[in-house]
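Scroll down for the structure; my scribbles are underneath it.
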Amino acid sequence: MRYISTRGAWRDAPLPFSAILLEGLAPDGGLAIPESYPRFTAGEIEALRGLAYPRLAHAVLARFITDIPAADLGAIIDRTYTAATFGSADITPVTPLEPGMHLLHASNGPTLAFKDIALQLLGNLFEYVLARDGSRLNILGATSGDTGSSAEYAMRGKRGIRVFMLSPYGRMSPFQQAQMFSLADDNIHNIAIEGVFDDCQDIVKAVSADAEFKHRWHIGTVNSINWARIAAQVVYYFRGYFAVTGKARDRVDFAVPSGNFGNILAGHVAKSLGLPIRRLILATNENDVLDEFFRTGRYRPRKTAETHATSSPSMDISKASNFERYILDIVGRDPVAVRDLWMKMEHDGGFDLAASPYWAMVQASGFVSGRSTHADRIRTIRDVHGRTGVTLDPHTADGVKVAREFLDPEVPLVCVETALPAKFAATIREALGHDPERPAVYADLESRPQRSTVLPPDVARVKDYIVAHAESAS
């Protein structure tokens, strides 16, 4: 398996997995993606039914990771997906929620968010490749709330790795902020940017696009622009499919709350591998750029001032990085078309595919979408808790709200949980009148000492910070 860029780089000399694992953005500003998706036959998919999670992960990931020996990859996966880390050997258990709808529990990792599924693996993959090659890595990331803590908990204490995590100042929940800022590990640096998540993400992309700086300071990424994260998330779509179907070729729908388009892109990839997914139901919050696209064909990222601060803050994103990978598939894998669309977006503020030949491809890709507001998520949390006793976090509530709009009694629907409610106490209190339960390990989280550095949304200032602290770290 070799990798190319969404904008055309590496096509003459595609890269192996280990190279793009550490690379981040391609030199042309594009994202790494497989030359082609490795298809499973119906028989091969059915042969995976019943496998323990690590064995299933190995079967799927081995299609994407061909330059790490099978035994070494298996050992990395076994070390990652354990009951001790994820609460049970099921890793992502699936339980009934209401008639026709199931909940895939992806948030039982150390930071109570689905990002742990990929980032725990990414930390171990980084450590393996860096040790093998005698290299080091300065990780630069951006978070709207969950990626940051998942990445930091996965990378803390890892040999040869330092983490510089950007987050929007004052825009995370108190739990999310404390989860990151209370870490005291020497290799973890939290930078609060005076702006929104999109400002943080733009800085990461700008630094990654500076080839000289990136090479000199060994800059890598853990955001969902890193392909390894997408590949790791593909596994639980297989897991969810097997949990709610009984035989080969049965179809399934998935509902996914989406901000940066990484989680649901993994569903698109799983479908492209041959998994019988009928529909991918995308749910946004008030920042509804993606819902607007799938309803109208118009993709129009919002500016900072237009990005709402909501009660599902991890989705307060108006510029979805992984959308570019999806669009490459829509335009027939033509990197020139992708470059033209992104140039148009930079010049005109967006693009519209509704009247183009590509719109038929979008409609055939299986995506449908909907939007959820604060009132919707409060109502959904309250209703689901009253009916089932299950407490949803606000992002998963957005997913359930939109999923209900597309529920089909003939096809099972799996809603992907994105976080545990403990991270969003204020919203749960508003909905249910009491605080959510939280693991004992986090009982005093918000009262722990916190440390971070506040910077303006300035690429040069962030670079200066990286240089100063990368030099001072061993």
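Structural remarks
- Selected residue (criterion: nearest to residue 263 (Cα to Cα)) from residues of the stretch 418-474 that are of a type in the set (Val, Ile, Thr) and not in a helix (DSSP H, G or I): 418
- When the stretch 77-86 is filtered for residues that are crowded, with 23+ Cβ neighbours inside 10 Å and in contact with a helix residue (DSSP H, G or I) (Cβ under 6 Å, 6 or more places away or on another chain), the ones remaining, listed by number, are 77, 80, 81.
- Pair list, Cβ under 9 Å, 6 or more apart: the stretch 217-234 residue within 15 Å of residue 463 (Cα to Cα), other residue of a type in the set (Lys, Arg) and assigned to a helix (DSSP H, G or I): 217/463; 220/214
- Helices (runs of 4 or more DSSP H) (entirely within the stretch 211-323) containing at least 3 residues that are surrounded by fewer than 22 Cβ atoms within 10 Å (Cβ to Cβ): 211-216, 227-244, 289-296
- Considered as a group, the residues in the stretch 368-389 that are surrounded by fewer than 18 Cβ atoms within 10 Å (Cβ to Cβ) and part of a loop (DSSP other than H, G, I, E, B) include one that is farthest from the chain's Cα centre (by Cα), and that residue is 389.
Listed here are the residues, each with its yes/no results for (1) touching a strand residue (DSSP E or B) at 6+ places or on another chain (Cβ under 8 Å); (2) in a helix (DSSP H, G or I); (3) closer than 27 Å to residue 5 by Cα; (4) free of Cβ contacts under 8 Å to residues at least 24 places away in the same chain.
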position: 159; (1), (2), (3), (4): no, no, no, no
position: 162; (1), (2), (3), (4): yes, no, yes, no
position: 166; (1), (2), (3), (4): yes, no, yes, no
position: 195; (1), (2), (3), (4): yes, no, no, no
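- Any chance residue 416 is of a type in the set (Val, Ile, Thr), more than 21 Å from residue 115 (Cβ to Cβ) and touching a residue at least 24 places away in the same chain (Cβ under 8 Å): no
- Answer residue from the stretch 37-66, given it is without any contact (Cβ under 8 Å) to a residue 60 or more places away in the chain and assigned to a loop (DSSP other than H, G, I, E, B) and is nearest to residue 246 (Cα to Cα) among those: 51
- From 154, 89, 131, 142, residue being more than 20 Å from residue 418 (Cβ to Cβ), modelled with pLDDT under 95 and either surrounded by fewer than 19 Cβ atoms within 10 Å (Cβ to Cβ) or not basic (Lys, Arg) (or both): 131
- Check on residue 72, among the charged types (D, E, K, R), over 22 Å from the mean Cα position of the chain (by Cα) and not in a helix (DSSP H, G or I): no
- Search result, residues across the stretch 3-49 that are of a type in the set (D, E, K, R) and surrounded by 17 or more Cβ atoms within 10 Å (Cβ to Cβ): 7, 23
- Single match in 341, 413 (criterion: aliphatic (A, V, I, L, M) and over 26 Å from residue 202 (Cα atoms)): 413
- Within the stretch 331-352, the set of residues being farther than 16 Å from residue 4 by Cα and free of Cβ contacts under 8 Å to residues at least 60 places away in the same chain comprises 340, 341, 343, 344, 345, 346, 347, 348, 349, 350, 351, 352.
Table: residues versus (1) in contact with a Cys (Cβ under 9 Å, 6 or more places away or on another chain); (2) among the basic types (Lys, Arg).
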site: 132; (1), (2): no, yes
site: 143; (1), (2): yes, no
site: 151; (1), (2): no, no
site: 163; (1), (2): no, no
site: 170; (1), (2): no, no
site: 176; (1), (2): no, no
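The values are calculated or read from the model by the stated rules, or taken from the named source; none is laboratory data. Predicted model only: the values in this text are computed from it and were never measured. Cβ: placed from backbone, ideal geometry, glycine included. Neighbour counts: every protein chain shown.
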